[in-house]
Amino acid sequence: MKLRRTLLYVPGNNPNMIQDSMIYGADTILIDLEDSVSVYEKDAARYLVKYALRTLDFGKSEVAVRINGMDTPYWRHDISMIIPERPDMIRLPKAESAGDVKTLDAAISDLEAASGIKVGTTKIMVSIESARGLKNAYDIAVASRRMVAIAIGGEDFTADLGVKKTREGNELLVARGELVLAARAAGVDAIDSVFSDVNDEVGFRMETEKAKAMGFTGKSVINPRQIPIVHDVFKPTCEEIEEALKIKEAIKEAESRGSGVISLNGKMVDRPIVKRAERTLELAEMLGLIKEVAAC
Ligand SMILES: CC(C)(COP(=O)(O)OP(=O)(O)OC[C@H]1O[C@@H](n2cnc3c(N)ncnc32)[C@H](O)[C@@H]1OP(=O)(O)O)[C@@H](O)C(=O)NCCC(=O)NCCSC(=O)C[C@@](O)(CC(=O)O)C(=O)O
Ligand SMILES: [Mg+2]
């Protein structure tokens, strides 16, 4: 399991933000060549991002670059400059079909081969930002072995629907649910959209909690202040870890007696419950939380 709780968008034309992007502890730094960069700055941003990838140490953060969409003349130029610098991942915005991903995959393979990079190294994540894209989400998610995650781009998605993106997010409920289902079925991460009002911490926490409850594995963010909130929401609590440990103990005991089911405090424990407990413990282990349980 790779942690992708936070994906911090950093405008690809902003050297100060790029230079400091690794200090905030985001799981993924998502350098943007698409909508935060105007058409007049696309060329300069590509050079800046290329230089940043070559010279900066991003520490423990995974590094992704959001290229321009396949309906633009920019995306080929983006990857031809970026792939040789070995980013961990390319994020394709506004993916509409499996064909988009296959075309991108083949273009990346050519560039990897030409740059002496093992073909298949660069991962792909896509954003679904239209009704058509959502209808093809599962096919998109299984279109390449490079694929590790699909994300919803809520601003563009609501624009495509012709509705307003609200704080409550009812207009995105169905789309979020379908995206999570497609991601789970394909075995890739599901990433929730950005929350644009960086000063509304209550609204942001509420939206993040809903995303976690729906099955998203992480969230795109636009400001460093949003990172600790997402990490806090996605962190298993002491109680959850304690319960998971008890479940593991209980099922071990049941299995020693040849049974796959047991009662723990009056509640049935069987395979799906154990699976969930194992995921909680895996996450807790990755976050170094297991030792803290004794101090709960
Ligand atoms: C929102 C705001 C203007 C607020 O400015 P503020 O000035 O109020 O920020 P402050 O909090 O005061 O900053 C305090 C310190 O943090 C530094 N700092 C701030 N932000 C930082 C950052 N992102 N990275 C590194 N550093 C950062 C700053 O430099 C300062 O450093 P220092 O001076 O040293 O103290 C700013 O954050 C910002 O520009 N964000 C990025 C916006 C962006 O990328 N949009 C495109 C992606 S969405 C999209 O395209 C829609 C989508 O496609 C999405 C989908 O697909 O999901 C869809 O369709 O939905
Ligand atoms: Mg967008």
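The table for this structure:
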item	result
Carbon plus sulfur fraction of accessible area for segment 238-294, probe 1.4 Å, in percent	53 percent
Asp32 long-range amide H proximity, modeled H, under 5 Å	Val10, Gly12, Arg66
Relative contact order for the chain, counting Cα pairs under 8 Å that sit 6 or more residues apart, in percent	14 percent
Farthest positive-ward along the chain dipole, Cα basis, beta-carbon charges - from Tyr74, Ser220, Ser256	Ser256
Cα lying deepest toward the dipole's positive end in the chain, options Ala183, Gln19, Gly266, charges on Cβ	Gly266
Sequence-separation-based contact order of segment 238-294, relative, with Cα cut under 8 Å and 6+ spacing, percent	42 percent
Net length gained if the chain between Asn223 and Glu253 were fully extended (0.36 nm per residue, minus Cα distance)	6.1 nm
Efficiency of FRET from Cβ geometry, Thr237 and Ser80, R₀ 35 Å, rounded to 0.05	0.15
With every protein chain in place, segment 6-234: carbon and sulfur % of accessible area (1.4 Å)	53 percent
Protection proxy ranking, peptides 53-62, 120-129, 73-82, average beta carbon neighbours within 10 Å, highest first	120-129, 73-82, 53-62
Over the chain: helical MRE at 222 nm, DSSP H runs n ≥ 4 each giving -39500 (n - 2.57), nearest 500	-14000 deg cm²/dmol
Charge-dipole axis of segment 6-234 as Lys and Arg at +1 and Asp and Glu at -1 on Cβ define it, positive-most pick from Ala141, Val63, Thr121	Thr121
Order by protection proxy (mean Cβ within 10 Å, highest first), peptides 213-223, 254-264, 237-247, 24-34	24-34, 213-223, 237-247, 254-264
Solvent-accessible heavy-atom area per residue, rounded to whole Å², over segment 238-294 at 1.4 Å	70 Å²
Cubic angstrom per residue, convex hull over Cα atoms of the chain	158 Å³
About the Cα centre, charge dipole magnitude for the chain (Lys/Arg +1, Asp/Glu -1 at Cβ), debye	660 debye
Residue-normalised accessible area of segment 81-208, given per residue in Å² at a 1.4 Å probe	42 Å²
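The values are calculated or read from the model by the stated rules, or taken from the named source; none is laboratory data. Please read all numbers here as calculations on a predicted model, not as lab measurements. Every residue, glycine among them, receives a Cβ derived from its backbone with ideal geometry; neighbour counts consider all protein chains shown. These accessible areas exclude ligands, DNA and RNA; they are computed on the full protein's heavy atoms, side chains included. Shrake-Rupley method; radii C 1.70, N 1.55, O 1.52, S 1.80 Å.
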